[in-house]
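Everything below concerns the one structure shown next.
The values are calculated or read from the model by the stated rules, or taken from the named source; none is laboratory data. Source: prediction; values computed, not measured. Reconstructed Cβ throughout: ideal geometry from the backbone, glycine too, with neighbour counts over all protein chains shown. Only protein heavy atoms, including side chains, enter the accessible area calculation; ligands, DNA and RNA are left aside. Shrake-Rupley method; radii C 1.70, N 1.55, O 1.52, S 1.80 Å.
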Amino acid sequence: TMAHSEALLVLENFIAGKFFPCSSYIDSYNPSTGDVYCRVPDSGKEEVEAAVRAAKDAFPIWSSKTPLERSQILNKLADLIEHDLEEFAQAESKDQGKTITFARTVDIPRAVYNFRFFASSILHHTTACTEMASVGCVHYTSREPVGVAGLISPWNLPLYLLTWKIAPAIACGNTVVAKPSEMTSVTAWMMCKLLEKAGMPHGVVNVVFGTGAKAGEALVCHPDVPLISFTGSTLTAQRIMEKSAPYCKKLSLELGGKNPAIIFDDANLSQCIATTLRSSFANQGEICLCTSRIFVQRGIYSEFVKRFVAETKKWKVGNPSDPTVDVGALISKEHLEKVVRSYVKKAQAEGARVLCGEGVDSLSLPGGNQKGYFMLPTVISEIKDESCCMQEEIFGPVTCVVAFDTEEEVVKRANGVKYGLAATVWSSNVGRVHRVARRLQSGLVWTNCWLVRDLNLPFGGMKASGIGREGAKDSYEFFTEVKTITIKH
Ligand code: NAD
């Protein structure tokens with residue numbers, strides 16, 4: 001399935017400030033047409049070795065620059081990406097299948113903001129100092145960059161999540177070797193083309209493209225990469241922990257979720273429905289923070305379900321480049337068939353009811369998109385908590401709705417999964433909101449809202465959703481080593 005008319009886009013690795021072709025390539029598909037449109041380097045040990053060497057060589061100079069000097073380069077890079085925002089948004093939408101509207105308003109603006117945010121926050125950190133007058137000592141802490149950071153990111157928010165790692169890593173004075181997902185590498189490659197103009201010294205940011213098994217693992221196993229920041233699935237994280245264990249690497253792991261929405265009968269239903277639709281289906285449900293278990297208090301359950309399903313049916317699925325479309329294409333044919341659709345089938349086989357979407361309503365697609373990886377937003381009810389659809393991450397436009405009676409009961413059920421990333425709580429009772437938020441096993445709890453983020457504060461998951469947090473202070477702590485120094489006078 002080659003696109004005949006257009007020439008294939010061919011990406012190259014970016015090492016020590018230069019682009020290098022690779023000896024072999026991976027096909028990359030346009031999810032909205034099913035056509036191969038891009039070739040991504042299939043890098044391995046050799047390319048990773050060259051990139052790590054370049055990053056190591058650049059470290060002494062970059063790490064000795066002042067935070068202000070680094071900050072200015074990050075700001076310049078932010079300006080350059082922002083200048084090309086539309087081009088980046090088009091590329092992200094084509095590569096990932098997400099709607100152009102989402103890429104324009106969420107992905108690329110956030111990538112720009114990631115650089116601006118860390119360019120600013122790096123200027124404002126303070127270290128600790130204590131005094132022990134009785135023994136004539138002062139203690140203070142100092143923080144230094146660690147070295148070459150290995151950064152591995154997933155396909156759902158490609159440039160957004162990659163820059164969320166690159167920005168703090170280099171702001172702190174580390175140099176990096178980044179490996180984006182092999183399915184969504186284009187915007188990272190486009191960013192590399194702007195580094196020179198931003199004034200980034202060669203070797204500070206190196207990007208090696210390729211699969212997790214080859215390029216990713218070579219990075220994880222490289223002895224000169226003392227820290228790995230990873231965002232992706234729990235399964236891959238387990239493998240990374242295992243492979244990096246012999247080197248005792250510093251790890252930051254941002255993993256999957258099975259996020260509950262808890263809706264009490266005193267919630268503002270209109271706001272709650274509008275936001276829960278977004279939290280379930282935004283970016284085709286391919287956000288680690290997406291809601292996939294909706295617990296509704298019995299008294300409002302039928303009204304909620306009726307209105308939620310009616311609103312879900314209004315979401316328009318189609319060509320991602322059409323600005324009126326709400327749901328684009330899923331990342332790959334395999335993800336659509338083997339993961340997302342098969343979960344809906346399993347739920348049906350267990351006796352659950354599909355209220356709308358997959359297998360119930362028909363999907364009509366524009367001519368050019370017949371072979372794209374599309375699916376209707378799907379709502380499942382009458383499903384048991386033990387069902388795989390209520391336990392495992394689906395990572396698509398599928399959400400389950402169930403009823404509950406008491407606060408005590410719903411907290412227990414919400415916590416009854418292996419994950420603990422994000423939860424939403426809907427209620428106008430302030431006391432209850434605080435009580436429930438405190439009891440949820442979840443790194444993030446949003447009450448009466450969703451996805452409102454202050455990058456200053458910690459982001460990350462509990463349980464199988466991860467280890468460590470990212471944010472102004474948290475990323476600073478991860479990307480630096482702290483030392484306690486004692487001075488006797
Ligand atoms: P994935 O784990 O398959 O891949 C993530 C990255 O790891 C890719 O770059 C991949 O090439 C690489 N990789 C795969 N195997 C590897 C290995 N053995 N060694 C080194 N690298 C390897 O995840 P995905 O399918 O790309 O992304 C979806 C997952 O990411 C979901 O589980 C989602 O919840 C999670 N996610 C989490 C967050 C968060 O912040 N918590 C954010 C977005 C996505």
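At an R0 of 22 angstrom, the distance between the Cβ atoms of Q391 and R239 translates into a FRET efficiency of 0.55. What share of Cα pairs, in percent, lie more than 42 angstrom apart in the chain? I get 19 percent for the Cα pairs in the chain exceeding 42 Å.
Set the bar at 24 Å for Cα to Cα. Now go through K18/K483; K338/K371; K250/K463; K94/K418; K345/K371 and name every pair that lies beyond it. Among K18/K483; K338/K371; K250/K463; K94/K418; K345/K371, the Cα-Cα distance tops 24 Å for K18/K483; K94/K418. Phi angles across region 464-470 convert, under the Karplus curve 6.51 cos²θ - 1.76 cosθ + 1.60 with θ = phi - 60°, into 3J(HN,Hα) values of 6, 8, x, 9, x, 10, 10 Hz, Gly and Pro given as x. Extension gain for the segment R298 to S364, taken as residue separation times 0.36 nm less the Cα-Cα distance, is 20.2 nm to one decimal.
Length gained on full extension, L457 to C137, computed as 0.36 nm times the residue gap minus the Cα-Cα distance: 111.9 nm. Once the convex hull of all Cα atoms in region 259-447 is built, its volume per residue stands at 109 Å³. Return the Rg/Rh value of region 65-192, two decimal places, where both radii are evaluated on C-alpha atoms and Rh is the Kirkwood radius. Ratio of gyration radius to Kirkwood radius: 1.13. Think of region 221-323 as a dipole: +1 on every Lys or Arg Cβ, -1 on every Asp or Glu Cβ, centred on the Cα centre; then among S302, I240, G256, S302 lies furthest on the positive end. Across region 206-218, rounded Karplus estimates of 3J(HN,Hα) from the backbone phi angles (6.51 cos²θ - 1.76 cosθ + 1.60, θ = phi - 60°) give 10, 10, 10, 9, x, 7, x, 5, 8, 6, x, 5, 4 Hz, Gly and Pro being marked x. For the pair D84 and K483, a Förster radius of 41 Å applied to the C-beta separation gives a FRET efficiency near 0.55, rounded to the nearest 0.05.
For region 421-466, the equivalent ellipsoid built from the Cα gyration tensor has semi-axes of 19, 13, 8 Å, listed from largest to smallest. 3J(HN,Hα) couplings calculated from phi for region 290-305 with the Karplus curve 6.51 cos²θ - 1.76 cosθ + 1.60 (θ = phi - 60°) are, in sequence order, 5, 6, 9, 9, 10, 9, 10, 5, 3, x, 10, 4, 5, 5, 4, 4 Hz; Gly and Pro show x. Mean sequence separation of contacting Cα pairs (under 8 Å, at least six apart), scaled by the length of region 308-420, corresponds to a relative contact order of 26 percent.
Amide H contacts of N259 (H built 1.01 Å from N, in plane; Pro and chain starts excluded): S292, R293 sit under 5 Å, all sequence-distant by 5 or more or on other chains. Measuring r between the beta carbons of R432 and E350 and using R0 = 41 Å, the FRET efficiency lands at 0.80. Legend: P(r) of region 123-185 from all alpha carbon pair distances, 10 Å bins from 0, whole percents, reading 19, 33, 22, 15, 9, 4, 0.
Solvent-accessible surface of the chain, averaged per residue with a 1.4 angstrom probe and all protein chains in place: 41 square angstrom. Computed over region 1-144, the Cα gyration tensor eigenvalues convert (square root of 5λ each) into semi-axes of 42, 22, 13 Å, ordered from largest to smallest. Return the whole-Å distance between the Cα centroid of region 322-346 and the Cα centroid of region 237-310. With region 322-346 and region 237-310 each reduced to a Cα centre, they are spaced 17 Å.
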